[in-house]
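Q: The structure under discussion is supplied below as structure tokens; questions concerning it will follow.
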Amino acid sequence: MSEFFKGKTILMTGTTGFLAKVFLEKILRTQPQVHKLYLLVRAKTIDLAAQRFQNEVIRTYLFRVLRDQWGKDFDSFILKKIVVISGDVSLHNFGLEDEKLKIKMFEEINIIINFAATTKFDERFDISIDVNTMGVLHVLNFAKHCPEIKIFMQISTAYVCGEIKDEKTIVQEKPFEMGQTLKKSSKLDITEEMNLLKKKIDELRSKNATESTIKNALKDYGIERANLYGWPNTYAFTKAMGEMQLVHHKDNVPLIIIRPTMVTSTLKDPFPGWIEGLRTLDSIICSYGQGKITNFLGHPKTILDTIPADMVINCMMTAIIAFSNQTPKNFVYHISSSLRNPFRIADVHDYCYHYFIKFALKNKNGKPIIVPKPNLISSLKCGEQSVLSMLSRCL
């Protein structure tokens with residue numbers, strides 16, 4: 001692996017995102033002979049981009065091990081390896097105005113990894129389509145100007161495959177064809193979706209709708225269009241359309257699509273348990289530990305497909321190496337746990353209880369919060385009984 005990355009130049013988009021940071025840390029720590037990393041950061045100026053990189057990336061606790069590894073030479077190492085770029089994937093060539101820099105990037109780049117995405121399930125449809133669908137195409141078009149490109153890796157999501165209700169179903173690692181939907185009876189036209197979206201925005205503005213009204217209307221519209229074609233939310237829908245753009249327009253660009261499931265904290269690399277903010281299950285777990293909730297919603301046998309962030313990064317790096325040795329017929333990789341190591345709602349229920357009994361959080365007075373054994377609500381009837389029980393205790 002070290003031989004492959006030695007002397008390579010990598011372009012990363014979405015640098016300030018959770019998964020991108022874990023990848024960046026891993027590369028810098030384990031592949032110090034990498035030549036250079038161009039890091040795209042969304043900002044109006046290069047100074048603001050550099051400031052965001054310092055505050056939101058390199059100064060975070062994630063880089064503690066790397067910082068200790070290099071000691072007093074850490075800053076000079078970072079300065080030597082990293083070039084921060086101010087830009088936006090929703091713009092042609094990221095909106096770069098420095099022609100010399102752009103030409104240099106074209107000449108040097110060997111690997112492009114597109115982490116850039118808006119991950120809100122109910123994001124405004126116009127924002128989501130700009131980043132997750134058209135932004136992908138802009139990154140691909142940039143890659144086509146790089147004669148030394150070896151790999152273009154798109155970080156997608158396993159949930160582009162939709163909601164699978166039968167747990168015995170094995171979701172295939174297949175790329176989307178242009179226009180394919182999750183409903184066999186329908187056909188998707190991305191250009192038409194863009195035109196309909198523009199028409200929707202023009203209609204709202206013609207009625208002098210407030211920005212708040214427009215925002216909420218476009219959120220609802222995204223969900224409506226996603227559901228029409230079988231996707232559960234705007235995020236999965238626009239990411240699926242992004243994949244279609246890549247597969248249809250890639251030409252000779254060597255493409256890999258990575259589809260992780262629910263990404264959680266690190267398992268062990270660079271150290272166990274690193275996460276940023278409250279993600280996926282974290283808000284429920286923390287609320288239970290704080291004594292704010294006592295009920296877990298879901299059937300005990302329902303599988304929650306979670307995967308640690310560092311395992312996703314390891315799979316990405318392995319896929320790059322495998323791809324560089326021999327171009328495989330399949331270029332879509334699902335990174336998940338449900339088949340080999342299923343994690344069920346009943347497990348969350350049990351692990352949370354035993355963890356917070358052993359490691360209780362403290363309230364504002366410094367006293368340990370004693371959590372009750374949580375109730376598992378698997379049906380509406382159970383939920384009604386639980387609510388009535390809680391009300392009776394309150395009265």
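The values are calculated or read from the model by the stated rules, or taken from the named source; none is laboratory data. Given the structure is predicted, the values throughout are model-derived calculations rather than measurements. Quick reminder, even Gly has a Cβ in these numbers, built from the backbone with ideal geometry, and neighbours come from all protein chains shown. When the accessible area is computed, the model is the full protein with side chains, heavy atoms only, and any ligands, DNA or RNA have been set aside. Shrake-Rupley method; radii C 1.70, N 1.55, O 1.52, S 1.80 Å.
Every residue, every condition in (1) open to solvent by less than 40 Å² (accessible area, probe 1.4 Å); (2) more than 25 Å from residue 375 (Cα to Cα); (3) in a strand (DSSP E or B), yes or no:
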{"position": "275", "(1), (2), (3)": "no, yes, no"}
{"position": "278", "(1), (2), (3)": "no, no, no"}
{"position": "283", "(1), (2), (3)": "no, no, no"}
{"position": "286", "(1), (2), (3)": "no, no, no"}
{"position": "293", "(1), (2), (3)": "no, no, no"}
{"position": "296", "(1), (2), (3)": "yes, no, yes"}
{"position": "301", "(1), (2), (3)": "no, no, no"}
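Q: Follow-up. If you scan the stretch 154-193, which residues turn out to be assigned to a loop (DSSP other than H, G, I, E, B) and among the polar types (S, T, N, Q)? Break it down into steps so the answer makes sense when it comes.
A: Taking the stretch 154-193 and keeping what is assigned to a loop (DSSP other than H, G, I, E, B), we get 156-157, 162-189.
Across the stretch 154-193, the qualifying residues are 156, 157, 169, 172, 180, 181, 185, 186.
Q: Can you pull out the residues in the stretch 79-124 that are in contact with a Ser or Thr (Cβ under 6 Å, 6 or more places away or on another chain) and part of a helix (DSSP H, G or I)?
A: Once the filter is applied, which keeps residues that are in contact with a Ser or Thr (Cβ under 6 Å, 6 or more places away or on another chain) and part of a helix (DSSP H, G or I), the stretch 79-124 yields only 108.
Q: Continuing with the same structure: Can you say whether residue 253 is part of a helix (DSSP H, G or I), surrounded by 15 or more Cβ atoms within 10 Å (Cβ to Cβ) and among the β-branched types (Val, Ile, Thr), as far as the supplied structure shows? If you could, list the steps in order and put the result at the bottom.
A: Values: part of a helix (DSSP H, G or I): no; surrounded by 15 or more Cβ atoms within 10 Å (Cβ to Cβ): yes; among the β-branched types (Val, Ile, Thr): yes.
Answer is no for this residue.
Q: Please specify each residue of the stretch 343-361 satisfying the condition of being open to solvent by less than 50 Å² (accessible area, probe 1.4 Å) and not aromatic (Phe, Trp, Tyr).
A: Hits for the stretch 343-361 are 345, 346, 347, 348, 349, 352, 360.
Q: For the subset of the stretch 30-64 comprising residues that are under 23 Å from residue 273 (Cβ atoms) and in contact with an Asp or Glu (Cβ under 8 Å, 6 or more places away or on another chain), which member is most open to solvent (accessible area, probe 1.4 Å)? Steps first, please.
A: Filtering the stretch 30-64 for residues under 23 Å from residue 273 (Cβ atoms) gives 30, 55-64.
Narrowing the set further to residues that are in contact with an Asp or Glu (Cβ under 8 Å, 6 or more places away or on another chain) leaves 60, 62-63.
Values: 60: 26, 62: 0, 63: 1 Å².
Applying the filter and picking the extreme gives 60.
This table checks each residue for (1) buried (at least 18 other Cβ atoms within 10 Å of the Cβ); (2) at negative phi; (3) not charged (D, E, K, R).
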{"position": "86", "(1), (2), (3)": "yes, yes, yes"}
{"position": "89", "(1), (2), (3)": "yes, yes, yes"}
{"position": "99", "(1), (2), (3)": "no, yes, no"}
{"position": "104", "(1), (2), (3)": "no, yes, no"}
{"position": "112", "(1), (2), (3)": "yes, yes, yes"}
{"position": "119", "(1), (2), (3)": "no, yes, yes"}
{"position": "127", "(1), (2), (3)": "yes, yes, yes"}
{"position": "141", "(1), (2), (3)": "no, yes, yes"}
